[in-house]
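Each remark here refers to the structure printed beneath this line.
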Amino acid sequence: MKIIFLGTNGWYDTATGNTISILVETTKAYIVFDAGNGLYKLDRFIQIRKPVYLFLSHLHLDHIIGLHTLAKLNLPQGMHIVVPKQLKKELQRFMRRPLTVPFNKLPFCRVKLQSYHKMIKAPFSIKSYRLNHPSPCWGYRLYADGKVLAYGPDTGLCSNLFKLAKQADVYISESSWLPGETHQGWTHLNPELAAGVAKQAQVKRLILTHFDASRYTTLAHRRRAELVAKKIFKNTIAAEDNQEMNI
Ligand SMILES: [Zn+2]
Ligand SMILES: [Zn+2]
């Protein structure tokens, strides 16, 4: 299993990177988590004609704005876009003229929007977990190539986050806030909270991403987050755009 970080920012693009999108290459499929602006790089990394599945966590714009770039992607095999059924209608309201090219008018013309609960016959298995965020948000736990990858997008601490991450080979967590920062009623994580989940859930590796662009203004801020998190959970990495990792 190979992970490629197409975008690692939260909220907006800056010199540190694009908004969030993660490509996971498995033996039988390409799986993409979220469609921030990093999504435009997808066809750089998709070399083989394996099926492509895109899972969306929620509809905040930094997680879907890259859908506007679908029209430039050249993917002859098309793409399955999978969302929790609660989000399907709202997503279709976004993917329409005059805002962008609707799914059924895309040049590669094989985008299929599916509700998560109806997804069948994928060459991997996946579970979704509702998380704690003002915009309804789901994390995904992927089982493929004998490994478990947990993706924890925008969320505050909640019991489902621990279930999502439980003993995963790799846990990819948001890290929106700076070390030491917390806010009442604004549900995100800082590096220490993410590391605490990794430790308690006994994962093998923690990767931090979705760094708030207004707080993490340089990559040095991410290195500091990594150091702080490592004190709680040693096997931690702060991701950067275009970084590739084999698991
Ligand atoms: Zn976000
Ligand atoms: Zn969000």
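From the list Lys204, Lys230, Lys234, the one residue that fits, being in a helix (DSSP H, G or I) and of a type outside the set (Gly, Ala, Ser), is Lys230. Taken over the stretch 1-51, the criterion of being away from ligand 1 (no atom under 16 Å from the Cβ), closer than 18 Å to Val83 by Cα, part of a loop (DSSP other than H, G, I, E, B) and among the hydrophobic types (A, V, I, L, M, F, W, C) is satisfied by Ala29 alone. Note down all Cβ pairs under 9 Å where the first residue falls in the stretch 11-23 and is over 17 Å from Gln243 (Cα atoms), the second is in a strand (DSSP E or B), and they're at least six residues apart or on different chains. Within 9 Å, the pairs are Trp11/Thr19; Trp11/Asp212; Tyr12/Thr19. Checking every residue in the stretch 211-225 against the condition of being assigned to a loop (DSSP other than H, G, I, E, B), on the phi < 0 side of the Ramachandran plot, in contact (Cβ under 8 Å) with a residue 24 or more places away in the chain and more than 20 Å from the chain's Cα centre (by Cα) gives at least one match. Scanning the stretch 175-201 for residues that are within 16 Å of ligand 2 (Cβ to nearest atom), among the β-branched types (Val, Ile, Thr) and not in a loop (DSSP other than H, G, I, E, B) yields a count of 0. Scanning the stretch 115-174 for residues that are among the hydrophobic types (A, V, I, L, M, F, W, C), in a loop (DSSP other than H, G, I, E, B) and at pLDDT below 95 turns up Met119, Ile120, Ala122, Phe124. Taking first residues from the stretch 70-96 that are within 10 Å of Pro107 (Cα to Cα) and partners that are acidic (Asp, Glu), the Cβ contacts under 9 Å between residues at least 6 apart in sequence or on separate chains come to Lys72/Asp43; Leu73/Asp43; Asn74/Asp43; Leu75/Asp43.
Comparison of Gln92, Gln77 shows that the only residue that is more than 17 Å from Asn242 (Cα to Cα), in a helix (DSSP H, G or I) and modelled with pLDDT under 95 is Gln92. Quick one: in the stretch 202-230, of everything that is within 16 Å of ligand 2 (Cβ to nearest atom) and surrounded by fewer than 22 Cβ atoms within 10 Å (Cβ to Cβ), which residue is nearest to Lys166 (Cα to Cα)? Once the filter is applied, the top-ranked residue is Asp212.
The values are calculated or read from the model by the stated rules, or taken from the named source; none is laboratory data. Since we're looking at a predicted model, the values are computed, not measured. As a convention, Cβ positions derive from the backbone with ideal geometry for all residues, glycine included, and neighbour counts pool all protein chains shown.
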